[in-house]
Amino acid sequence: MEEGVGRGAPASEIGLHVLRAAQRRIGELWQDNRIGVADEHLATAIAQVVLSHLYRLSPASPLIDKLVVFGCVEGEHHDFPARLAADALDLAGYDVRFLGADVPTESLMSMIRRECPDLVALSATMSFNLRSLRMTVARLRSDFGEALPILVGGAACDTLVDPGAELGADGFARDTRDLIGIVGRLVSRPSLRARQQALGGHP
């Protein structure tokens with residue numbers, strides 16, 4: 001990892017091809033009953049430490065005056081993929097509020113009203129949390145309309161043909177390679193004044 005960063009490899013690529021790949025393999029071993037829950041937790045804890053080290057080694061891009069609220073939907077306890085993506089956005093210059101795993105929908109709504117973000121990114125890893133992801137997007141649409149760009153991601157979305165459209169979101173990021181470009185397009189759409197008024201803030 002240190003050699004890769006030293007040679008100029010982007011942190012997002014190392015995270016994608018090493019850490020994300022390793023975590024997916026751990027998940028497969030757990031699903032096949034070849035390792036136990038304790039082994040899976042140990043592997044994830046190690047990966048969290050490695051990800052923090054990678055973040056410290058990585059050069060940050062110039063700051064972008066755009067706020068992203070990023071979290072896992074209610075009921076989703078696997079936050080490593082989301083943290084990997086949130087770190088990639090942070091290193092790309094975005095102001096990221098990473099909320100972690102199992103974010104209660106009402107708490108998410110309160111933060112959005114308070115912070116007036118430029119984008120909300122929601123993650124679901126386990127397929128049974130797809131319903132929670134769908135319901136959270138629907139609630140955001142009900143309260144904030146089209147003024148708030150919504151991005152979805154996570155392994156749960158892999159079961160859908162067109163996750164963004166099917167979930168009612170504005171976009172879907174399959175991995176960190178797609179993430180930066182999609183977020184850049186989404187945050188440039190609504191004007192700050194219109195967005196803040198729609199979210200209940202003040203321009």
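Summary table below
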{"item": "Estimated distance in nm for a label pair at A9 and D178, the labels positioned 7 Å out from Cα along Cα-to-Cβ", "result": "2.3 nm"}
{"item": "Peptides ranked, highest mean first, by Cβ atoms within 10 Å: ranges 168-180, 68-80", "result": "68-80, 168-180"}
{"item": "By accessible area with a 1.4 Å probe, ligands and nucleic acids excluded, highest first: order of S132, S107", "result": "S107, S132"}
{"item": "Fraction of accessible area attributable to carbon and sulfur, region 106-182 (%, probe 1.4 Å)", "result": "53 percent"}
{"item": "Fully extended contour minus Cα-Cα distance, from V161 to I64, at 0.36 nm per residue", "result": "31.7 nm"}
{"item": "Extension gain, R34 back to R141 (0.36 nm per residue minus Cα-Cα distance, nm)", "result": "34.4 nm"}
{"item": "Segment A45-R114, extension gain: residue separation times 0.36 nm, minus the distance between their alpha carbons", "result": "21.7 nm"}
{"item": "Region 145-179-region 49-98 distance, computed between alpha-carbon centres (Å)", "result": "17 Å"}
{"item": "Cut-off under 5 Å, modelled amide H: who pairs with G100 long-range", "result": "C72"}
{"item": "Ranked packing of 136-147, 30-41, most packed first, by mean Cβ within 10 Å", "result": "136-147, 30-41"}
{"item": "Heavy-atom accessible area ranking, 1.4 Å probe, most first, across M1, M111, M135", "result": "M135, M1, M111"}
{"item": "Size of charge dipole - region 2-61 - debye, nearest 20, with Cβ of Lys, Arg +1 and Asp, Glu -1, no other charges", "result": "120 debye"}
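The values are calculated or read from the model by the stated rules, or taken from the named source; none is laboratory data. Computed from a predicted model, the values in this text were never measured in an experiment. Every residue, glycine as well, gets a Cβ built from its backbone with ideal geometry; the counts of neighbours run over all protein chains shown. Areas reflect the complete protein model, heavy atoms only, side chains present, ligands, DNA and RNA absent. Shrake-Rupley method; radii C 1.70, N 1.55, O 1.52, S 1.80 Å.
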